[in-house]
Amino acid sequence: MNRTMHSRPRIKVLSILVGLILTAASACASDAELDTFAPQGAIAEELHSRAVVPVFVIAGLVLIFIGIVLFWLIKKYRVNEYEDDTGWPAQTHGHTPLEWSWTAGFFFTMLVVAALMIWATPTINSTKANAADVVVDGVSILWEPTVVVIGNQWWWEFRYYFNDQVTLESLREIGDAKNLPPADIVTSGQMMIPISEEIELIITSRDVIHSFWIPALNGKRDAVPNRFSPWKIEASERGVYFGQCTEFCGLSHSRMQMQVVALSDEEFQDWINSTTQDAPKLVASDTTVFRGQEVFAGTCTSCHLVEGLNDSTYERADQASEAAPNLTHFANRSTFAGGILNTYNADGSFNRRDMERWLRTPEEVKANYTVPGEQYRGMPNLNLSEQQIDDLVEYLRILGEQPADWIIEATQVE
Amino acid sequence: MTNKHTDQPTGEVENTATNAAGVGIGTSTAADSTAAADVNATATGSSTTDNDSATDTVSDNSANTTGKDVVERPLGVFTRPEGGRGWRDWLSTVDHKKIGILYGVSAMFFFLVGGVEALLIRLQLAAPNGSVLSADVYNQVYTMHGVTMVFLFIMPLAAAFANYFIPLQIGARDVAFPRLNALSFWIWLSGAIFLNTSWIVGGGGADCGWFCYSPNSGVAFSPSHGVDFYAVGLQILGIASLVSAVNLIVTCLNMRAPGMTLMRMPILTWMLLITQFLLLFALPVITVALFLLMFDRLFGAQFFNPDAGADPLLWQHLFWIFGHPEVYIIILPSFGIISEVIPAFSRKPIFGYQFMVASGIAIGFMGWGVWAHHMFVSGIGPLSVAAFSLSTMFIAVPTGVKVLNWLATMWDGKLRFTVAMKFAVATVAMFTIGGLSGVTHSVAPANTQQTDTYYIVAHFHYVIFGGGVLGMFAGIYYWWPKIWGYLLNERLGNWHFWIMLVGFNLTFGPMHILGLQGMSRRIDTYATGYGFEAWNMVSTVGSFLIAFAVLLFLLNVWKSKRGSPYLQPPGPDPWDARTLEWMIPSPPPVHNFDTIPSVHTRDEWWHRKYAENEQGEVVSVVTAEEAAQTGDAKGVHLPSPSFWPLAVAVGFPLIGYGIIFNLWLALVGGLIVLTSLYSWAMEPADNPDTQHDDHDHLQHDDDNAHTEDHDNQDSQDSASESPDDNKDNKQLTVA
């Protein structure tokens, strides 16, 4: 056993490790959409600077200390030619004061970490009593920014209450997410918020446990059926912030994504103005759009709602997971199919290709459980004809206004 | 009691097949009670060691028959098998060493199964939009990877070490209840096979994750039988672990050699004892949860159905009250192993024995108070979160103490970097990384960014693979010569070690980065553009390096075995080690110790070989070869083999299939279990056709380990001893 034979791979491992750490540091500085080290709002920044960074520094220092000691021990006390070495070192059995001292050392290190945790805890649990002025149906309302977030297999619903504002307590009275009061705006996949406002989220689920997470805006919080959990986010800049369901929620867990779009106050007001409107109910004609509406009313409305078209009660919402996204303002959202497909191409044109693929073979885009006639979780294949698909696409693109170009652009992840 | 370790009975040693001849005349002075405390402990004959045959020497009961009076059968129809050769011997063995080997070999098999599942996961994730597996199959594969590695690999591998080495390290001849020990193994194996048959007959594996959160585990959301197999299979495995835990706790507490006080027990035995207590208390909790889940899924109960008002967090609490101690169940045996390996190759005693024991106990206790750190984002309320965050942080204190004590053991030592030592030191290093990343998410606010991302996947693989599996490999290289009588090749072992270490870091190191970049756990694919591509590819390459290293290990086993006849046998104590298992031949004789050693100090074996002079220098007193036992004691009283543990175990999967598919089948399984248990109870303590030498069962080193059933045995024994008991009888031969 000669020395060089062993030290070479050791150095290699060491250099690989160092390389990994350095690259990690640079990779974290990149603009990956879900990067947890790139906070974009007051809450996430506070979380990052008060909890994440300090504890990484402390853990890193301890790691470096132990690493140095370990390598020093190996270097200093290693015996290479031991075959004939029958000698023994002094048989030290321990050193009680020393051992107590490093027990205390770890204890006090952890006390520091504990203090950090206690110091940082209010940042994720406190709420601000803020309010925003919004105009809904011509009436000015002081809105405590709150969005009810509901996880479903495999998409997120966002509900806005302006007139009859809900609170955590009022929803807990109701008890579960299948009997929520009618909201002023119901959307999915993409949550619109005004910038520089702390938005309270009330998170729940209609079926299994999901987890709502926009890394740039805050940590995550689980969406648990029968429970309403408070959470909050805040964005300091206009932009589209990405998220991914992070609690395993069944078959298409990986294809359950969401976005938060932070708008200026004016943009947010415009969005309210347009999305509180019902969808147009087209009169009979021989147009593709009308035929699309007929296909929609005959097929899609057993799960989907378009306000102005079918009844505004949430049809079949009492059955597990059969709720499907409200499509009244489908074209107003730059993402669909649970946040995984873009509604528009980068040039602003309607993304017919993905739309048709989604209608034609949804199971290839996003796996689903289907027991025909009984159970639909995930978008089922409805065996639509090409004609029906063309008609439906034409109909869907008139549901709501096309979003601003910057939103469409920011939705593209490449 | 005459337990002077130096007066070895000298018999026909010399590597000849002494068993064949009728040399086992009579009364061995060595038959020193203790070991065979099973209610049926009997067994007869002369025990000798077949020194030149490394492995599969089978027990050969060159059965008696000659010159023996027909004795009265106390219970008529039932007889005890006598071992026999080959597979019959393995199926009926109650020898803790053979059961340990059975555990180890089966665990390694499932390591390969779980490893293939891991490779499938890594292939799927190697590139964005992976299409190797469908979402459905991916969910099954990652679930079964976790279940297999935890329940079918690490736990049984730890059980292998526990079975093999607890009796050897405390100076006992077997565990307290040898047949129960066999029962544990067979039930475990039947549960393991049952669980994996869901791939064939259950419509796929479980697809709910190893944590199997409700309500996603309900029939509505997981319609195949996979989760049924999970719920029933883990209950079967739980029976095995519970039985084994009780057995090993009793063994540790009651079967220690004279003078082996608790605070003289080797650290490995200590850590395994703590592990058994954790198992004893943790498994009932998961069993309750699985039982409820089983009723939900198969019999229409509503325990976890939110529509019927259930709180989904109930499952999480039940699961993690089991699940977090489970982490320590996995890691403490490995801590124990490296606490033996590092002192042996540092040529120093463990630094701060008391602190090592106390920190292990502290981890065992504190491990019960941290479960909700798996639920920081589940909405359990800020006060609970803060409390569990604090308890989680402070479990780092005893763990950190252990790390520094290992380092202090190396300090001023003469470090011999054998493969075992390399694995042990790597365990310390990799576990330190895993432990410290654990500290980063003990801070609940920071945890909200990290939980359920690949950062957690990285963390627990550094703990479980880095801290657990690497430590187990240290143990495998360290004790291999003891178990099999030949050394593993150090050169191939070096390749194995370095490729595994590099592969491990390439696989799991990048996952830290992926997690911090926001990659969620349990996703079957990811899109381009999030910065995940490069690191996932690195990780996949690393996973294949690990697989290659495992193949090198298997190659090493094969080559070393093949080369072993041409090498000097390692002898009883190849590493100049410190604990009792090294004072007996390698491989150990079936009766372990010719005479039960009297223990006067910690590291008893080392102190028999060496002393310290007034200057504190170590002086050799006697060589290992001189001090070691020869393993040729005759007439050691040992428990008889039995087929009933296997028969009982066969019934459990049938009950499982029955519960899932057709209750009549469960009835058949239940009848098999009951009949076998009845037969077990009725089985005579001795084979009435054989007699045995003096068992001097009244000479116990302490009056423990012998339940009142022993009285039974005594009476049976006396009944079976005919007055003209002529003592010359049969040999029981020995591997």
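The values are calculated or read from the model by the stated rules, or taken from the named source; none is laboratory data. As the structure is a prediction and not an experimental result, all values here were calculated from the model. Every residue, glycine as well, gets a Cβ built from its backbone with ideal geometry; the counts of neighbours run over all protein chains shown.
Specify the residue that is surrounded by the fewest Cβ atoms within 10 Å (Cβ to Cβ); the eligible residues are those in the range B:527-543 that are facing chain A (nearest Cβ under 7 Å) and either out of contact with any helix residue (DSSP H, G or I) (no Cβ under 7 Å at 6 or more places or on another chain) or assigned to a helix (DSSP H, G or I) (or both).
In the first step, residues of the range B:527-543 are kept if they are facing chain A (nearest Cβ under 7 Å); the result is B:527-531.
Pick out the ones that are also either out of contact with any helix residue (DSSP H, G or I) (no Cβ under 7 Å at 6 or more places or on another chain) or assigned to a helix (DSSP H, G or I) (or both) and you get B:527-530.
On the way: B:Ala527: 16, B:Thr528: 12, B:Gly529: 14, B:Tyr530: 19.
My answer is B:Thr528.
When residues of the range B:514-569 are filtered for being in contact with an Asp or Glu (Cβ under 8 Å, 6 or more places away or on another chain) and polar (S, T, N, Q), how many remain?
3
Could you say which residue among B:Val403, B:Val419, B:Val463, B:Val425 is closer than 21 Å to B:Leu268 by Cα and either in contact with an Asp or Glu (Cβ under 6 Å, 6 or more places away or on another chain) or not assigned by TED's automatic domain parsing to the domain that holds B:Ser389 (or both)?
Values: B:Val403 fails: either in contact with an Asp or Glu (Cβ under 6 Å, 6 or more places away or on another chain) or not assigned by TED's automatic domain parsing to the domain that holds B:Ser389 (or both); B:Val463 fails: either in contact with an Asp or Glu (Cβ under 6 Å, 6 or more places away or on another chain) or not assigned by TED's automatic domain parsing to the domain that holds B:Ser389 (or both); B:Val425 fails: either in contact with an Asp or Glu (Cβ under 6 Å, 6 or more places away or on another chain) or not assigned by TED's automatic domain parsing to the domain that holds B:Ser389 (or both).
Result: B:Val419 is the single residue among B:Val403, B:Val419, B:Val463, B:Val425 that is closer than 21 Å to B:Leu268 by Cα and either in contact with an Asp or Glu (Cβ under 6 Å, 6 or more places away or on another chain) or not assigned by TED's automatic domain parsing to the domain that holds B:Ser389 (or both).
Could you look through the range B:371-395, keep only residues that are of a type in the set (A, V, I, L, M) and out of contact with any Ser or Thr (no Cβ under 7 Å at 6 or more places or on another chain), and pick out the one that is nearest to A:Cys245 (Cα to Cα)? Reasoning before the result, please.
Our first condition is that a residue be of a type in the set (A, V, I, L, M); within the range B:371-395, this holds for B:372, B:375, B:377, B:380, B:383, B:385-387, B:390, B:393, B:395.
Subset that is out of contact with any Ser or Thr (no Cβ under 7 Å at 6 or more places or on another chain): B:375, B:380, B:383, B:385, B:387, B:390, B:395.
Details: B:Met375: 16, B:Ile380: 19, B:Leu383: 25, B:Val385: 21, B:Ala387: 27, B:Leu390: 27, B:Ile395: 30 Å.
Only one residue fits best here, namely B:Met375.
Taking the range A:289-313, which residues are surrounded by 15 or more Cβ atoms within 10 Å (Cβ to Cβ) and not hydrophobic (A, V, I, L, M, F, W, C)?
Residues satisfying the conditions are A:Arg291, A:Gly292, A:Gln293, A:Glu294, A:Thr299, A:Thr301, A:His304, A:Glu307, A:Asn310, A:Ser312.
Residues in the range B:586-597: is at least one more than 14 Å from B:Trp484 (Cβ to Cβ), more than 24 Å from the chain's Cα centre (by Cα) and hydroxyl-bearing (Ser, Thr, Tyr)?
yes
Considering only residues that are surrounded by fewer than 14 Cβ atoms within 10 Å (Cβ to Cβ) and in a helix (DSSP H, G or I), look in the range A:83-99 and name the one that is nearest to the other protein chains (Cβ to nearest Cβ).
Top of the filtered list is A:Thr96.
A quick yes/no check of all residues on (1) surrounded by fewer than 24 Cβ atoms within 10 Å (Cβ to Cβ); (2) in a loop (DSSP other than H, G, I, E, B):
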residue	(1), (2)
B:Asn556	yes, no
B:Ser560	yes, no
B:Ser564	yes, no
B:Gln568	yes, yes
B:Trp582	no, no
B:Ser586	no, yes
B:Phe593	no, yes
B:Ser598	yes, yes
B:Gly616	yes, yes
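Go through A:Pro230, A:Pro225 for me and flag whichever is touching a helix residue (DSSP H, G or I) at 6+ places or on another chain (Cβ under 6 Å), within 14 Å of chain B (Cβ to nearest Cβ), surrounded by 24 or more Cβ atoms within 10 Å (Cβ to Cβ) and at negative phi. Can you show your working first?
Details: A:Pro230 fails: surrounded by 24 or more Cβ atoms within 10 Å (Cβ to Cβ).
None of the others qualify; the one that does is A:Pro225.
List every residue pair whose Cβ atoms lie under 9 Å apart, where the two residues are 6 or more positions apart in sequence or sit on different chains, the first residue falls within the range A:391-414 and is away from every other protein chain (no Cβ under 14 Å) and in contact (Cβ under 8 Å) with a residue 24 or more places away in the chain, and the second residue, located anywhere, is outside any helix (DSSP H, G or I) and among the acidic types (Asp, Glu).
A:Ile408/A:Asp347
Does B:Asn129 qualify as being out of contact with any helix residue (DSSP H, G or I) (no Cβ under 9 Å at 6 or more places or on another chain) and under 29 Å from B:Met519 (Cα atoms)? I'd like the intermediate steps shown before the answer.
Working: out of contact with any helix residue (DSSP H, G or I) (no Cβ under 9 Å at 6 or more places or on another chain): yes; under 29 Å from B:Met519 (Cα atoms): yes.
So B:Asn129 fits the description; yes.
Just to check your reading of the model, which residue among B:Ile513, B:Ile499 is over 27 Å from B:Glu326 (Cα atoms) and without any contact (Cβ under 8 Å) to a residue 60 or more places away in the chain? Full working, then the answer.
Working: B:Ile513 fails: over 27 Å from B:Glu326 (Cα atoms).
On inspection, the qualifying residue turns out to be B:Ile499.
Just one of the numbered conditions (1) more than 14 Å from every other protein chain (Cβ to nearest Cβ); (2) in contact with a Phe, Trp or Tyr (Cβ under 9 Å, 6 or more places away or on another chain) is not true of B:His317; which one?
Among (1) more than 14 Å from every other protein chain (Cβ to nearest Cβ); (2) in contact with a Phe, Trp or Tyr (Cβ under 9 Å, 6 or more places away or on another chain), the lone unmet condition for B:His317 is (1).
With (1) outside any loop (DSSP other than H, G, I, E, B); (2) more than 23 Å from the chain's Cα centre (by Cα); (3) at pLDDT 90 or above; (4) within 7 Å of another protein chain (Cβ to nearest Cβ) as the list, and A:Ala51 as the residue in question, which single condition is left unmet?
(2)
In the range B:506-535, which residues are under 35 Å from the mean Cα position of the chain (by Cα), among the polar types (S, T, N, Q) and within 23 Å of A:Val52 (Cβ to Cβ)?
B:Ser520
Name every residue in the range B:260-292 that is assigned to a helix (DSSP H, G or I), hydrophobic (A, V, I, L, M, F, W, C) and either more than 19 Å from the chain's Cα centre (by Cα) or not assigned by TED's automatic domain parsing to the domain that holds B:Ile236 (or both), in order of residue number.
So the first thing to find is which residues in the range B:260-292 are assigned to a helix (DSSP H, G or I), and the list is B:262-264, B:267-292.
If we keep only those that are hydrophobic (A, V, I, L, M, F, W, C) as well, we get B:262-263, B:267-268, B:270-274, B:277-283, B:285-286, B:288-292.
Residues satisfying the conditions are B:Leu262, B:Met263, B:Val285, B:Ile286, B:Val288, B:Ala289, B:Leu290, B:Phe291, B:Leu292.
For the range A:235-258: of the residues being surrounded by fewer than 24 Cβ atoms within 10 Å (Cβ to Cβ) and in contact with a helix residue (DSSP H, G or I) (Cβ under 8 Å, 6 or more places away or on another chain), which is nearest to the other protein chains (Cβ to nearest Cβ)?
A:Val240
Looking for whichever is more than 20 Å from the chain's Cα centre (by Cα), of a type in the set (A, V, I, L, M) and in a loop (DSSP other than H, G, I, E, B) here; the options are A:Leu392, A:Leu384. Which one fits?
Details: A:Leu392 fails: in a loop (DSSP other than H, G, I, E, B).
None of the others qualify; the one that does is A:Leu384.
If a residue has to be part of a helix (DSSP H, G or I) and either out of contact with any Leu (no Cβ under 9 Å at 6 or more places or on another chain) or surrounded by fewer than 20 Cβ atoms within 10 Å (Cβ to Cβ) (or both) to count, how many in the range B:357-371 make the cut?
Pass one, the range B:357-371, residues part of a helix (DSSP H, G or I): B:357-369, B:371.
Those still in the list that are either out of contact with any Leu (no Cβ under 9 Å at 6 or more places or on another chain) or surrounded by fewer than 20 Cβ atoms within 10 Å (Cβ to Cβ) (or both) too: B:358-359, B:361-362, B:365-366, B:368-369, B:371.
Summing the residues that are part of a helix (DSSP H, G or I) and either out of contact with any Leu (no Cβ under 9 Å at 6 or more places or on another chain) or surrounded by fewer than 20 Cβ atoms within 10 Å (Cβ to Cβ) (or both) in the range B:357-371 gives 9.
Considering each residue of the range A:356-381, count those that are in a helix (DSSP H, G or I), within 14 Å of chain B (Cβ to nearest Cβ) and surrounded by 17 or more Cβ atoms within 10 Å (Cβ to Cβ), and give that number.
Going through the range A:356-381 one residue at a time, the tally reaches 2.
Taking the range B:379-433 on its own, how many of its residues are at the interface with chain A (Cβ under 7 Å from one of its Cβ atoms) and in a loop (DSSP other than H, G, I, E, B)?
So the count comes out to 7.
Could you list, in sequence order, the residues of the range A:106-141 that are without any contact (Cβ under 8 Å) to a residue 12 or more places away in the chain, more than 8 Å from chain B (Cβ to nearest Cβ) and touching a helix residue (DSSP H, G or I) at 6+ places or on another chain (Cβ under 9 Å)?
A:Leu111, A:Pro122, A:Asp133 - these are the residues of the range A:106-141 that are without any contact (Cβ under 8 Å) to a residue 12 or more places away in the chain, more than 8 Å from chain B (Cβ to nearest Cβ) and touching a helix residue (DSSP H, G or I) at 6+ places or on another chain (Cβ under 9 Å).
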